[in-house]
Amino acid sequence: MTEGRGKREEGSGKRGALAPDDGRVRIFDTTLRDGEQAPGCTMTRDEKLAVARQLARLKVDVIEAGYPAASDGDWEAVHQIAREIGAAGGPAICGLARATERDVDRCWTAVEPAAQARIHIFLATSDVHMKHKLGMTHSQVVATAAAAVSRAVSLGAEVEFSGEDSARSDPAFLYEVLGTALDAGATTLNVPDTVGYATPEEYGDLVAGVIANVPGVERATISAHCHDDLGLAVANTLAGVRAGARQAECTINGIGERAGNAALEEFVMALHTRQPFFGLHTNIETRELARTSRLVSACIGIDVPPNKAIVGANAFAHEAGIHQDGVLKNPLTYEIMRADTVGWDGVGLVLGKHSGRHALRAKTESLGYELTEDELTLLFARFKELADRKKLVDERDILGLMVREQEEMVREMS
Ligand code: KIV
Ligand code: ZN
């Protein structure tokens, strides 16, 4: 593990300043980019905003809000998140960009309103991607990375650079490209296991290799980004931070391309619960984890499996008699963490036709919405109509009503 390496600190202009390594792992949440990219996980602009608000409550360090060059809708969502949630003292707001001037410039216009505005540039470094996808030589990749990072830095952005498919890249070439990005001004160097191929030992070695072989690496934060194709994304991310990475890229409920990304709630609670083992910590408000999971699940319409670690309905349930007996005598017999540490209290409150305005306000707040009295009155009337037809009204129903109401308001105003 590396000791005493300089790390960037938030809050001093758009690009941050160096801070000593205090064992804190920055959480880079990519639910709204890598997560939203997965089939069936797309979100409307209002849903993305609601999730971003909740991610700010969860106290993630960076919100990757989308891929602005992909569509006008995504640009608008990233821009609005940068304006509303990117205030000083809040999370950095990041957008993804390919290593082209067009993508970088488009990304900058979207994130620019944030106090800490980050552009995340990615370019493949593995032979298979360079040959079959990019059609680029090694020297073209090096030159393209340098140009894109320099462009983003010249605009005033904080820059993260990813060597896409790092885990299947020739390590010597990966070091060269990351070193080039660093010299061009990138302050975060990301090491993605894009296809979820690595084992924890290999991924830890890869991160250690980057730290040992990229000259000047102490000027950057190394980041771990792992996919779950072999079910190893969280284990690999943990191996990455043990090897010296100080940023972890995660998604809520582990959503993401194919089998998904490292689940934020699992990674954070592993560091929290096994603190003496890892000697690392995050800034995450763990009591917001269950609520954030429910909100994302409601937005994308995909239930969390009951046996999912940390946020599944059964994660803290005890059914077997022997277990119940043990837990009643002393929770330590079968519980390694407490349900209330991850916010498993009152989150699943279901509303019905007898519920009042206070309960509805509490529910909308837990879903990330702050309503005026007039908005609440309108929503309450719609909620009562729905509750008359449907016995129980859950988060997904409320979210549906909220999104419809906001869309109508936008239509009326335009
Ligand atoms: O998995 C990956 O390689 C990515 C990059 C865009 C960082 O998501
Ligand atoms: Zn990814």
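Here Lys133 fulfils each of the conditions (1) under 20 Å from Arg246 (Cβ atoms); (2) assigned to a helix (DSSP H, G or I) apart from (1). Looking across the stretch 168-226 at every residue that is of a type in the set (Asp, Glu) and surrounded by 18 or more Cβ atoms within 10 Å (Cβ to Cβ), the one that is nearest to ligand 2 (Cβ to nearest atom) is identified as Asp193.
Quick grid of which residues meet (1) over 19 Å from Gln54 (Cα atoms); (2) surrounded by 15 or more Cβ atoms within 10 Å (Cβ to Cβ); (3) in contact with a Ser or Thr (Cβ under 8 Å, 6 or more places away or on another chain); (4) not charged (D, E, K, R):
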| residue | (1), (2), (3), (4) |
| --- | --- |
| Ala290 | no, yes, no, yes |
| Leu295 | no, yes, yes, yes |
| Ala298 | no, yes, no, yes |
| Pro305 | yes, no, no, yes |
| Glu319 | yes, no, no, no |
| Ile322 | yes, no, no, yes |
| Asp325 | yes, no, no, no |
| Ile336 | yes, no, yes, yes |
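With the structure loaded, tell me whether Ala259 is within 16 Å of ligand 1 (Cβ to nearest atom) and farther than 17 Å from Val311 by Cβ or whether it fails that test. The answer is yes for Ala259.
Please specify each residue of the stretch 97-127 satisfying the condition of being within 16 Å of ligand 2 (Cβ to nearest atom) and in contact with a Pro (Cβ under 9 Å, 6 or more places away or on another chain). Scanning the stretch 97-127 gives Ala97, Phe122. The residue that is farthest from ligand 1 (Cβ to nearest atom), among those in the stretch 157-186 that are charged (D, E, K, R) and part of a helix (DSSP H, G or I), is Asp183. What residue, among those in the stretch 21-51 that are more than 16 Å from ligand 2 (Cβ to nearest atom) and in a helix (DSSP H, G or I), is surrounded by the most Cβ atoms within 10 Å (Cβ to Cβ)? Among them, the one singled out is Val51. Somewhere in the stretch 97-110, is a residue more than 16 Å from ligand 1 (Cβ to nearest atom), at pLDDT 95 or above, outside any helix (DSSP H, G or I) and surrounded by fewer than 24 Cβ atoms within 10 Å (Cβ to Cβ)? No, the stretch 97-110 contains no residue that is more than 16 Å from ligand 1 (Cβ to nearest atom), at pLDDT 95 or above, outside any helix (DSSP H, G or I) and surrounded by fewer than 24 Cβ atoms within 10 Å (Cβ to Cβ). With respect to (1) over 30 Å from His272 (Cα atoms); (2) assigned to a loop (DSSP other than H, G, I, E, B); (3) touching a residue at least 24 places away in the same chain (Cβ under 8 Å); (4) under 29 Å from the mean Cα position of the chain (by Cα), the lone exception for Leu371 is condition (3). The set of residues from the stretch 226-268 being touching a Phe, Trp or Tyr at 6+ places or on another chain (Cβ under 9 Å) and β-branched (Val, Ile, Thr) comprises Val234, Thr237, Val241. Restricting attention to the stretch 229-274, report how many residues are crowded, with 24+ Cβ neighbours inside 10 Å, within 12 Å of ligand 2 (Cβ to nearest atom) and of a type in the set (Asp, Glu). Looking only at that region, the number is 1. Restricting the stretch 338-368 to residues that are touching a residue at least 60 places away in the same chain (Cβ under 8 Å) and β-branched (Val, Ile, Thr), the residue that is surrounded by the fewest Cβ atoms within 10 Å (Cβ to Cβ) is Thr341. Right, Gly163: at positive phi, within 16 Å of ligand 2 (Cβ to nearest atom) and surrounded by 20 or more Cβ atoms within 10 Å (Cβ to Cβ) or not? No, not satisfied.
The values are calculated or read from the model by the stated rules, or taken from the named source; none is laboratory data. All figures in this text were calculated on a predicted structure; none of them were measured in a lab. For neighbour counting, all protein chains shown are included, and Cβ atoms are generated from backbone atoms with ideal geometry for every residue, glycine included.
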